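To start, the structure itself, in C-alpha cells.
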Amino acid sequence: MGETILKMHGIQKYFPGVHALDNAQLEVRSGEVMALVGENGAGKSTLMKILTGIYPKDGGIIEYFGEEIELNGPKDAQSRGICIVHQELNLMQHLTVADNIFIGRESSTGLFLNQAEQYRKTQELLDKLHLSIDPKAVVRTLSVAKQQMVEIAKALSYNNTKLLILDEPSAVLTDTEIDDLFTFVEQLKSTGVGIIYISHRMDELQRITDRITVMRDGQYVGVLETAETEIAEVVRMMVGRTIYEEPKTQSAVPADAPIILECEHLNSIDVKDVSFHLKKGEILGFSGLMGAGRTETMRLLCGADPMTSGVIKLNGKPVRIKTPRDAVKHGIGYLSEDRKRYGLCLNLSITDNTVMPSLGTLFKGLFINDRAADRYSEEYIEKIKTKTPSTKTRVGSLSGGNQQKVVISKWLLRDCDILIFDEPTRGIDVGAKSEIYKLMNQLAAEGKSIIMISSDMPELLRMSDRIVVMCEGRKTGELDISEATQEKIMTFATNR
C-alpha cells in the first residue's frame, strides 16, 4: 500500500440555492489510480475544482502528504504538484504544440526565446508519451483527439507532478489512443504519482483503476477495490437503483413505414457520394472511426456546411437546405457533439436556451411572452428530469449531462420531425444515459425519426434499427440491427 498523498474529508460547498457538496471525501495513495465516479451533478467536478484551487471550500479539511493545507488558487495547487487535465480543451489554437505546452515557462537565451530548445524539450516529452505529434504543428490543425493528448502532455510537463487529475481523458480518443494513454498511466503509476481518474465509461474502470470512489448528490457513497467489484455494483451505488438495458435484436420499425428523408449522392470536400434514407419512427445509427465523415454528412443535411452536389428529399419532395435556418424550417433539429460551442448559449438561462428555436411562436404583440416561455421550460425540465434549481439558472453552471438535456429540450419544443443526435451521451453518466435512451425510444414510438451518430459501439447496437457505416467520407456499409455485430461494423469502418 502506497503512502497516502491526499485526504479530503467533510468537504462542504454551497452555491446560491444549491448545496453542491455535503460531507464529501476522497483519499488517494501514491502509485494508484483512484476512479472518481457519479452521475452528472454528483459533485465530482466541484470537488476537483476545490482540490485545484479554483473554488474555495466552505468546510472540511484537505490533507496533502499528511499536512493540512489551504489552497489559494490554481497556481498554488500547481506549485504543490497537483495538476488537472480538464474535459474541455484549454489550448491556444493559434500557437504551436510546443508554445502551448510551455506557455509561461518558455525556453530562453538571454532576452530571446530559444525556439530550438523548446522544440527539443517538447519532442522529448511527446516521445515519452508515445505521441506522434509535431511540436511545431499549430494546435488548430490537429484533431480533437490529438489536442486532448497535448493537454495531457502539458499537465505532465511540470516535473514536480505528484497528483494528476484526468477528467474524462478518453472521451474523444480512439481505441489505439486510449491504449497509449493507459500505457503511459501505468508508467506514471510506477513513479509513485497518484492519479484521480474521472470517467463515465464503466469498462475503463476495470482496465486502469485500483480503487473506485462513488459520489451521489454531492455526497460520498463509498469506496471499492476495483479487482473485487462488479461494474453493476458501481452503477447501483452511483444511481441508487439497478439499471439494465435490453439489447435491440430486431428493428421496431414496420416494414411498410413511410420514408420521410432521402439523401442522394451528397458531396462536399469531406463527403464523397453518400446516399441513405430514414423512415418514420426509425432510429438510424451512423458508425465509423474518427474522421469517417459522419458529422460532416449531417452538417450538409443541416445546411451548416456547403454541399457541392446531391439531393435531399423530405416526404418524397426535393428541398433546398442552404442554412441551419432552412433545416429548422423543414423540421430538422441538430444536436451537436460540441454542445457548448454549437448547442447552447452558456451565459443565458435554461428558459432562454429552451425557447430559442421557437421564439416566433412566443411573441405577445411586440414582446416575448415570458410566462409561456417559463411554462414550456418547466414542462421539459420535468419531462426529461433536468436537475436544476430553477428555469432561471444559467446553463453554463449545469453539469454536462444536464446541459445536454437542455439541448434536447429546445428541439423537442420546436417539435422537429427529424432529430440528429451527434454523440448524444458523450460525457454523460450511466443514469442520465438511461434516461436519454428511454426518451429517444419514446420519441421514435411517437413517430419522430432519429439519426444517431455514436462512437460507442454498444450504444449503437442497443439503440439503432439500422446502422450506416462510413470510412474516409464514404458510406461503406449498411446493416439491419438483426444482423449487426461489432465485428461487421468494424469491417465496414476500416473498409477491409
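Laboratory data are not the source of any read-out in this text; all were calculated from the coordinates shown. Values in this document were obtained by computation on a predicted structure and should not be read as measured data. Neighbour counts are summed over all protein chains in view; Cβ atoms, including those assigned to glycine, are modelled from backbone coordinates with ideal geometry.
Overview of values
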{"read-out": "Ranked list, fewest to most other Cβ atoms within 10 Å of each Cβ, for Thr4, Thr52, Thr46", "value": "Thr4, Thr52, Thr46"}
{"read-out": "Charge dipole magnitude, Cβ of K and R +1, D and E -1 - segment 259-493, Cα centre, debye nearest 20", "value": "720 debye"}
{"read-out": "Difference of contour (0.36 nm per residue) and Cα-Cα distance, Thr249 to Ser132", "value": "38.1 nm"}
{"read-out": "0 to 90° range, to nearest 10: angle between helix 115-128 axis and the chain longest Cα axis", "value": "80 degrees"}
{"read-out": "Lys, Arg +1 and Asp, Glu -1 on Cβ, resulting dipole of segment 4-239 about Cα centre, debye, nearest 20", "value": "600 debye"}
{"read-out": "Proximal charge balance of Lys7 [Cβ under 11 Å; K/R count +1, D/E count -1]", "value": "-3"}
{"read-out": "For the chain, alpha-carbon Rg over 2.2 N^0.38 Å", "value": "1.02"}
{"read-out": "Hull shadow area, averaged, segment 179-325 [alpha-carbon convex hull, nm²]", "value": "14.1 nm²"}
{"read-out": "For segment 4-239, share of DSSP beta bridges that run antiparallel, in % to the nearest 5", "value": "60 percent"}
{"read-out": "Per principal axis, descending, Cα span of segment 259-493 in whole Å", "value": "51, 38, 30"}
{"read-out": "DSSP-defined beta bridges in the chain - what % are antiparallel, rounded to 5", "value": "60 percent"}
{"read-out": "Label-point separation, Asp175 to Glu487 (7 Å along Cα→Cβ), nm", "value": "1.3 nm"}
{"read-out": "Share of Cα-Cα pairs in segment 308-367 lying beyond 19 Å, as whole percent", "value": "47 percent"}
{"read-out": "Dipole-positive endmost among Ile231, Ile312, Leu278 within segment 203-339 (Cβ charges, Cα centre)", "value": "Ile312"}
{"read-out": "Sites Ser275 and Asn114 - FRET efficiency at Förster radius 56 Å, r taken between beta-carbons, to 0.05", "value": "0.55"}
{"read-out": "All lysines inside 23 Å of Lys364 as judged from Cα atoms, apart from same-chain residues fewer than 8 positions distant", "value": "Lys329, Lys392, Lys410"}
{"read-out": "For segment 285-422: rounded, prolate or oblate by the Cα gyration tensor [a/c cutoff 1.5]", "value": "oblate"}
